[in-house]
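Asks: Have a look at this one before I ask anything.
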Amino acid sequence: MSESAESRRTFLKSAALLGGSAAASQGPGLLARLGSAEAGGYLTPTEVYPLARPENVLYSVCQQCNTQCGIKVKIENGVIAKIDGNPYSPWNLMPHLPYRTPVTQAVGVDALLCPKGQAAIQTAYDPYRIVRVIKRAGKRGEGKWISIPFDQAITEIVEGGVLFKDVPGEENRRAEGLRELRAVRDAGAIEALAADARQVARKAMTLAAFKARHRQALKDLIDPDHPDLGPKNNQFVFMWGRLKGGRGELVRRFTEAGFGSTNAHGHTTVCQGSLYFTGKAMSEQFVYDGKDKKMKWTKGAKFYWQADQQSAEFILFVGASPLEANYGPTNRASRIVQRLADGALKIAVVDPRASKTAAKAWKWVPIKPGGEGAMALGMIRWIIDHERYDARYLANANKGAAKADGEPTWCNATWLVKLETGQPGAFLRASEIGLPKEKRVHKDRKTGEETAYEFDPFLVWKDGQPVPFDPYSEKAPAEGALRVKTEINGIPVKSAFEILVDTAGAKTVAEWAAQAGVKPADIVDLAHEFTSHGKRAVADIHRGVSQHTNGFYQVFAWYTLNLLIGNYDWKGGLAKATTYDAGGGKTDTVKQADGTEAEWAQPYPVGKIEGKLDPFGISVIRHGDKYEETTLFAGYPARRPWFPLASDIYQEIIPSIGDAYPYPVKALFIYMGSPVYALPAGHTNIEILADPSKIPLVVASDIVIGETSMYADYIFPDLSNLERWEFAGSHPNMIWKVQPVRQPVIPPIPEAVKVYGHEIPVSLEAMLLAIAEKLGLPGFGPNGFGPGKAFTHPDHLYLRMAANLAVGDKPGQALPDAAAEEMRIFLESRRHLPKSVFDLERWKAVVGPDLWPKVVYLLNRGGRFDDFARGYDGDLLRNRYGTLVNLYQEKTARTKNSMTGKSFPGIAAHVPAPADAVGRTIDDERAGYDLRLITYREITHTKSRTAANYWLLALRPENSVLMNRRDAERRGLKDGDHVRLHSASNPDGVWDFKNGRSRPIVGRLKVVQGLRPGVIAFSLGHGHWAYGAGDVVIDGQVVKGDPRRGLGVHANAVLRVDPVIKNSTLSDLTGGSAVFYDTSVKVTKA
């Protein structure tokens, strides 16, 4: 036997990893069954192909990337034999199968699925997967672990103590347990503290009065001198990477309602944060707020719009490449390419790199990174100058006017804005010019309680005078003049459109083109084409626009461009995602046969929790709060940025903890997240994670030992996407109403444990349920869903949510009952699942006998999907946004930057980039860093989840550093050279893992023509040093890493650290984005 073959046999002999424990943990042996499935031989002519039988097929949802395609998993002997696309899902087939198609017919249709989805088999059966809880046996990051019993880990985390007495330097270090951190446990007490803490922050109550009233509770606060920081409960932080419905409800139920911490934070800003939060700002509505008992800007949705590629005639992709990423494969690419081939679609691409999408385009514009907003403003300037905007749409000031014109949305282009010290500020209100306010009464639908309030109408200018109006009135349509600049009662005002005219008109088209690094003719050509298709032209944007220090305003400019032609909710225009609600909170009133009215509701409102805690206090990432309205205000700049208009600021979580600002954190849980690997300048997180004095307790839930979980104190094994539940949601380009359901299709890989007396696999669910059991958290246990309604098993949550889907979120949407044959197939197809996962009696008992056949119908199809014909309503989208879109954002304009004290612009302004946290221009080119570095995605890899997929590694074993031929020749470099990357914040070009090891940022050069000169690029997903790529020691045995997983370059550590903040990447302080595309580097031969 060769040495390499012998090493492959012995390198995984650890009972804590799948490769060393499969035979013991999987009955007759998973690896043996994998082998027998491969060696089954050929079928005889009379045999039935077993994978074509519906009893051997389960439908679920992929998560190899965030596209969340439907999958059709084919099972043989309890093992996955093949993964294809789900033909019921509009992600995978065009047109997708009608939802009522029997599963006996659907089994014969295999839909599309990209290479990543098919390779998910190797994610599930990765030999480096953790199957038991492991606890570090050395310093953080040292790679030494011991496996311990699940119950021991839970006890240590809950009770705390001297947990690492055998680790040098930690012999006497005590970590507080979760029981101690959960200082305030009474819902009434936390409510009273919250109310008065807000009063102190608003200076409506003195600190002395607060302390006197709450003297018994002061010990439970983080800092009694700053009560708005909240209770010590907030010193527990739960952060996550990819989290979908179901698990999302579980995490928030545990962290917020149960534990009482305000610190539950996701990863939005590392993906395309400013895209989401510009969408939120543009969708804010001026309505009555029940909490503040007044009208205010609220209810903005954390979302964004994308093109309806199904019917658009022209799509301008900016910073997006749907043939490689951006929810493209499998969903968008097939539609786009087919329509290009049919001559029904024309596309243009604005991207520094000649992407696969650009290769199909009518025009490719290699823009300068960070110039995308300038280009949009140049197009806006040309369109306004040539009056090629939809003036009729823009003139509609309210719902009534829009409805009269047959428009599904309207905007505030004609609303009058006050000029405050010469700058646009708040909207002018009726009372400010002597007109009366309206007296109104709000009636609470649930309680019937009535509250009086006032509405101060907005104003437009029409026929030479101001006209008051209500944005949502249908009875009094309001239109206004677009071009307004006047004074009313001595108050200078402009229409919002006039402010946009001024902003876009500040430069000529040629000047905007120079700012963007493009030709003026490109701006003119694109603007002309964009305005030549009516509502069926659309600008579709993604990360390349949003992940800059000016990302918010770049996104704002492109969405404003779409507003100029009024394409929102139109066929071939901008679309939003629409999903069936699984949470169970929907109610309605229905008329019965006898004419009386009755209340209708979804059966299981899982968000309703008796005795829940309502967390309060400033979060560790300082989101949603205005710095100047807190007790921490001490002038500008703040110690770190505050984010009143964004949330889930991923790049701020660990660095803020490191600075103990706004307070120290005692325990950090990380689920399915790898900020060290995924974040720009993620190496800044390492020093903090490696230091127990900065974060005393770190717990990770992961399927492997990853680049971030390697710094944890405990790692709990988790389930792959093929072993667990989730409700995957949708994406804006998906015009149908849907809700894909991820469900277990194979037996769980990790070991089974007992929680609340049930046997369940070690997983995120097991960890949280066990801690909840130990702490007695509300919302869990025998009465978790109300008296006699248990939440002691994951099924108790997920099946309730499935039942809500089966009923629908409106009356009359209930699914059919599964017929007898479907019921038989349902049971037979799950025959390989253990009772810890599938117990027929338990499942039926959760949803009840009446809903059970409907739930079976749902799960047999992998979710709920509207039929293809239900995508459109004439020339409109059927599933519409349908309300006000803010061309001008009053809420944003009245919000201050915490680092400068200046108000954010309320219009799509030009904000130069890159800039540091106090707004100073970063010009590293002067120091010799003369190349702009960008990242991109290949279809074969995801950021950090596909390193275990050897099929994908075979297709692309390593990535490259792309460089334009002109730049290479000037540097004397040639194709295939190994080069090193350096930046002003990482001049040595190295990853320092703070464990005595480091890795140079070196990659193989690929010289190309299809890249803007002065720009270099690398694709994400390669260059791992953990995730099975490096050696670790478990229970005294060395587990050798597989060097194939570490091939290529991962250059995130060279991305710019903010020179003001010093331990975090650059950020967009308005929209929150972690900045990927504003770093200048230099390249040397390695």
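Asks: Taking the simple approach of a point 7 Å from Cα along Cα-to-Cβ for both S903 and D225, what is their distance in nm?
Replies: 3.4 nm
Asks: When DSSP beta bridges are limited to those with both residues in region 924-1085, what percentage is antiparallel, rounded to the nearest 5?
Replies: 70 percent
Asks: What are the trypsin sites (Lys or Arg not before Pro) within region 88-131 that DSSP puts in a loop, where the Cβ has at most 14 other Cβ atoms within 10 Å?
Replies: Counting only loop positions with at most 14 other Cβ atoms within 10 Å, the trypsin sites (Lys or Arg not before Pro) in region 88-131 are R100.
Asks: Still on this structure, please answer the following. Under the Karplus relation 6.51 cos²θ - 1.76 cosθ + 1.60, θ = phi - 60°, what is the ordered set of whole-Hz ³J(HN,Hα) values for region 304-320, x standing for Gly and Pro?
Replies: 8, 10, 9, 6, 7, 5, 5, 9, 5, 8, 9, 10, 9, 8, 10, x, 9
Asks: Exactly which GluC sites (Glu not before Pro) in region 376-465 are in a DSSP loop and have at most 14 other Cβ atoms within 10 Å?
Replies: Loop-located and lightly packed - E387, E449.
Asks: Say each of R440 and E828 gets a label point 7 Å from the Cα, pointing the same way as Cα to Cβ; how far apart are those two points in nm?
Replies: Output for this residue pair reads 5.9 nm.
Asks: In addition: Using a Förster radius of 35 Å, what is the FRET efficiency between F633 and K485 based on their Cβ-Cβ separation? Nearest 0.05, please.
Replies: Values: r = 36 Å, r/R0 = 1.03.
Step by step, r from the Cβ atoms, then E = 0.45.
Asks: Pop out the ³J(HN,Hα) list for region 1054-1059 in order, Karplus 6.51 cos²θ - 1.76 cosθ + 1.60 with θ = phi - 60°, rounded to Hz; leave Gly and Pro as x.
Replies: Per-residue couplings from phi come out as 8, 5, 5, 7, 5, x Hz.
Asks: If you plug each phi of region 172-181 into the Karplus form 6.51 cos²θ - 1.76 cosθ + 1.60 with θ = phi - 60°, what whole-Hz ³J(HN,Hα) values come out, in order, with x for Gly and Pro?
Replies: Each residue of region 172-181 in turn: 10, 6, 9, 9, 5, x, 5, 4, 5, 6 Hz.
Asks: For each of M375, M899, M963, M295, count neighbouring Cβ atoms within 10 Å of the residue's Cβ, then give the residues from fewest to most.
Replies: M295, M899, M963, M375
Asks: Something else now. Sort E773, E822 by Cβ crowding within 10 Å, fewest neighbours at the top.
Replies: Lowest count first: E773, E822.
Asks: Same structure, new question: For K494, which lysines qualify as cross-link partners when the Cα separation must be under 25 Å and same-chain residues fewer than eight apart are set aside?
Replies: Of all the lysines, those that pass the test against K494 - Cα under 25 Å, at least 8 places apart if same chain - are K280, K296, K399, K418, K437, K462, K485, K507, K891, K896, K902.
Asks: Another question, then. Note down the net charge around P750, summing +1 for each Lys or Arg and -1 for each Asp or Glu among other residues with Cβ under 15 Å from its Cβ.
Replies: Spelling it out: positives minus negatives among the neighbours equals -4.
Asks: Cβ under 13 Å from S334's Cβ, S334 left aside: what net charge do those residues give with Lys, Arg +1 and Asp, Glu -1? Can you show the working numbers first?
Replies: Details: positive: R332, R335, R339, K360; negative: D342.
For residues surrounding S334, the net value is +3.
Asks: For the chain, with only Lys/Arg (+1) and Asp/Glu (-1) charged at the beta-carbon, what is the dipole magnitude about the Cα centre, in debye rounded to 20? Provide the component values of the computation, followed by the final result.
Replies: Numbers: 137 positive and 120 negative charges, 192 e Å.
Result for the chain is approximately 920 debye, rounded to the nearest 20.
Asks: Which whole-number percentage describes the relative contact order of region 971-1064, with Cα contacts under 8 Å and a sequence gap of 6 or more? All intermediate terms of the calculation are to be shown ahead of the outcome.
Replies: Details: 123 pairs, mean separation 29.0, N = 94.
Result for region 971-1064 is 31 percent.
Asks: Ok, one more. By DSSP, what percent of the beta bridges with both residues in the chain are antiparallel, rounded to the nearest 5? Intermediate values should be presented prior to the final figure.
Replies: Details: 97 of 144 bridges.
Here the share of antiparallel DSSP bridges comes out near 65 percent.
Asks: When only C-alpha pairs under 8 Å and at least 6 residues apart count, what is the relative contact order of the chain, in percent?
Replies: Relative contact order for the chain comes out at 17 percent.
Asks: Ignoring everything except DSSP H segments at least 4 long, calculate the 222 nm mean residue ellipticity for the chain; use -39,500 (n - 2.57) per segment, divide by total residues, nearest 500.
Replies: So the helix-based figure for the chain works out to -6500 deg cm²/dmol.
Asks: Mind listing the long-range amide H neighbours of V755? Cut-off is under 5 Å, sequence gap 5 or more, other chains count too, H placed in the peptide plane at 1.01 Å from N.
Replies: When sequence neighbours closer than 5 places are left aside, the close amide H contacts are I760.
Asks: Please give the length that would be gained between R174 and A301 if that part of the chain were fully extended, namely 0.36 nm times their separation in residues minus their C-alpha to C-alpha distance (nm, one decimal).
Replies: Additional length available on full extension: 41.5 nm.
Asks: Here's a follow-up. Which of the following values of mean projected area of the Cα convex hull in nm² was calculated from the structure shown: [x] 44.2; [y] 65.4; [z] 54.9?
Replies: Among [x] 44.2; [y] 65.4; [z] 54.9, the one derived from this structure is [x].
Asks: Ok, one more. What is the distance, in nm, between label points placed 7 Å from the Cα along the Cα-to-Cβ direction at A204 and at H978?
Replies: 6.5 nm
Asks: Name the long-range amide H neighbours of V1060: under 5 Å, sequence gap of 5 or more, or other chain; modelled H, no Pro or chain starts.
Replies: Sorted by chain and number, the residues that satisfy this are A917.
Asks: Another question about this same structure. Long-range amide H contacts for L877: which residues qualify at under 5 Å (H placed 1.01 Å from N, peptide plane, sequence gap of 5 or more or a different chain)?
Replies: W570, K571
Asks: So how do C411, C271 line up by other beta-carbon neighbours within 10 Å, fewest first?
Replies: C271, C411
Asks: Using 0.36 nm per residue of separation minus the Cα-Cα distance, give me the extension gain between A426 and D525 in nm, one decimal.
Replies: Length gained between A426 and D525: 32.0 nm.
Where a number appears in this text, it was derived from the coordinates with a stated rule and is not lab data. Since the structure is predicted, the reported quantities are computational estimates derived from the model, not experimental observations. Here Cβ is always computed from backbone atoms with ideal geometry, including for glycine, and neighbour counts include all displayed protein chains.
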